[in-house]
Amino acid sequence: MSPLRRWSALAVLALPVLLISIDMTVLGFAVPALTADLGPTSTQLLWIVDIYSFLLAGLLVLMGNLGDRIGRRRLLMTGAVAFGIASAVAAFATTPEMLIAARALLGLGGATLMPSTLALLRSVFPDAQERRLAIAVWAAAFSGGAAVGPIVGGFLLEHFWWGSVFLVNTPVMVLLLVGALALLPESRNPRPGPFDVLSAVLSIAGVLSVVYALKSFAADGASAPAAAALAVGSGLLWIFVRRQRRLAEPLLDLRLFRHRAFSVAVTTNLLTVFALLGLLFFLPQYLMLVLGTSPLVAGLWMLPLAGATVAGSLAAPWLARRLHLRWVIGGGMALAAAGLAVGTQLGVDGDRAVLVAAGLLIGTGVGAAEALTNDVILATAPPERAGAAASVSETAYEFGGAMGTAVLGTIGLSVYAAHLGTVEGVPEGDVDAARETLGGAAEVAAQLPPDTAAAFLAEAGQAFVAGMDVVLVIAALVAAYVAAQAVVLLRGDREATGPSASVEPRAATPVAR
């Protein structure tokens with residue numbers, strides 16, 4: 001394959017990554033508009049936001065294995081069709097339940113796209129040096145997309161209705177189909193072995209049961225159904241792990257986790273996205289509903305975060321040629337922790353200098369760390385298992401993002417509800433309704449006399465900032481732990497001396513085509 005075709009193929013592979021990561025965060029800016037239109041409860045709102053990532057997390061291992069068997073390009077194109085159709089359904093949803101169902105279908109389609117893109121990079125870029133740069137660009141598309149999602153959402157919501165944040169996906173999927181046919185080679189495992197249906201059922205049922213339980217605990221507290229779901233899910237995953245250890249051709253090759261660098265990289269991905277998505281659930285609402293900016297202006301204030309994420313991703317390979325991998329990953333996450341801590345100084349008045357500084361620190365650190373963790377994950381796996389290894393990486397991303405929204409989102413909203421007190425002239429029933437979401441508080445204020453509305457919105461803003469500050473502190477602590485983990489656990493690891501050294505325990509031969 002010529003250099004021009006290889007790098008053109010990278011542009012095609014970056015499209016679904018960029019779009020899916022945008023989809024993880026763009027909904028945050030549409031929350032006020034869809035809340036006003038569809039009237040979801042706080043629980044429904046959290047399901048609308050995170051069911052997409054939950055299903056991605058539950059299906060990625062299966063889809064990565066399926067791509068190794070039937071062909072990664074074929075799976076990519078199938079997913080593009082499904083994702084485009086689901087996007088159109090979501091755009092024209094008329095009830096919260098319909099939107100939740102459409103988001104679930106988007107998660108199903110997205111699960112077929114994500115492992116295929118990263119696995120195909122190994123086929124398109126057999127040279128290790130070129131692949132490192134390609135993975136850095138891929139990581140920049142993913143991390144940058146998560147940060148630029150609010151900008152895209154702000155622009156669309158400034159000019160169109162909330163459904164446009166979904167409808168824009170469809171033409172991009174058409175472009176992906178055309179580019180895949182023209183530029184991408186087919187690749188698969190030439191000797192995949194028998195497909196283990198039982199393992200597939202165990203993995204999906206186990207992950208979804210645990211996710212349901214955690215979601216229920218976070219939203220509603222302890223309950224018998226949630227406890228039962230957690231017990232059943234944990235049991236199914238235990239059986240799944242034991243089965244994988246016995247199979248000659250497992251659905252998930254647990255031997256990959258024997259490599260310390262691989263395990264640290266996967267954990268870093270999960271916890272980093274957990275912290276980042278918790279922040280990105282609150283920040284758009286803070287900008288629009290507390291500071292009163294328009295969606296587009298709020299999106300523009302996210303540009304420092306987006307630009308720094310891309311810059312950090314692209315700088316990571318250069319840094320790793322000069323520093324031990326643990327210092328690049330650990331240093332990046334330390335920067336992110338500092339940025340999250342700086343964010344607690346925003347307050348209800350929204351100091352823009354603080355906002356920019358926090359965005360630059362968080363973006364640079366997250367971008368640098370995640371560009372290298374993906375290189376480690378893909379290089380550690382044998383070529384024929386590239387799809388399965390990529391699915392582990394993506395599962396960590398999506399599960400971390402979903403739990404960040406669910407756990408940190410629920411904690412932040414709980415603090416908000418607890419801090420939102422009564423205001424003279426506002427009926428107690430309206431205050432209870434406002435405690436569901438900040439968008440609900442804005443709806444209540446719209447029905448009040450101007451002076452009362454201003455006092456009530458000020459009270460709601462203070463309560464929301466209190467909740468956001470708690471989320472930022474937790475996220476900063478998580479990022480600091482990830483930094484310390486990388487520095488300590490990767491010390492002396494021969495597979496973590498940087499991308500230029502021995503993260504290639506197996507020959508990086510092209511996947512069979």
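Read-outs throughout are calculated quantities, based only on the coordinates presented, and are distinct from any laboratory measurement. All of these numbers come straight from a predicted model, not from anything done at the bench. A quick note on method: Cβ atoms are made from the backbone with ideal geometry, for glycine too, and the neighbour counts reach across all protein chains shown.
Each residue in 204, 135 was given a count of other beta-carbon atoms within 10 angstrom of its own, and listing them fewest first yields 204, 135. If you plug the beta carbon distance of residue 254 and residue 130 into 1/(1 + (r/R0)^6) with R0 = 30 Å, you get a FRET efficiency near 0.50.
The C-alpha radius of gyration of region 303-368, expressed as a fraction of 2.2 N^0.38 Å, stands at 1.16. Residue-wise HN-Hα couplings along region 287-302, as the Karplus relation 6.51 cos²θ - 1.76 cosθ + 1.60 with θ = phi - 60° gives them from phi, are 5, 7, 9, 8, 8, x, 7, 6, x, 5, 5, 4, x, 5, 6, 8 Hz; Gly and Pro carry x. Gain on full extension, evaluated as 0.36 nm per residue between residue 466 and residue 182 minus their Cα-Cα distance, stands at 97.1 nm. Electrostatic tally near residue 466: other residues with Cβ closer than 15 Å to its Cβ, Lys and Arg +1, Asp and Glu -1, net -2. Each Cα pair under 8 Å and six or more residues apart adds its sequence gap; the mean of these over the residue count of the chain is a relative contact order of 23 percent. Calculated from the structure at hand, P(r) over Cα pairs in 10 Å bins from 0, in percent is found among (i) 4, 20, 31, 27, 13, 4, 1, 0; (ii) 3, 15, 21, 21, 18, 12, 6, 3, 1, 0, 0, 0; (iii) 4, 18, 27, 25, 18, 8, 1, 0 as (i). Separation of region 21-75 and region 399-445, taken as the distance between their Cα centroids, equals 23 angstrom. Dividing the summed -39500 (n - 2.57) terms of all DSSP H runs of n ≥ 4 by the residue count of the chain sets its mean residue ellipticity at 222 nm at -26500 deg cm²/dmol. If you take every residue apart from residue 200 with its C-beta less than 14 Å away from the C-beta of residue 200, what net charge results, scoring Lys and Arg +1 and Asp and Glu -1? Cβ neighbours under 14 Å give a net charge of -1. With all projection directions averaged, the alpha carbon convex hull of region 30-85 covers 4.8 nm².
For 68, 432, the sequence from fewest to most other C-beta atoms within 10 Å is 432, 68. Remark: the residue 263-residue 81 segment gains 62.2 nm on full extension, using 0.36 nm per residue and subtracting the alpha carbon distance.
Taking the average, over residues, of other Cβ atoms within 10 Å as the packing measure, peptides 361-374, 448-461, 151-164 rank 361-374, 151-164, 448-461 from highest down.
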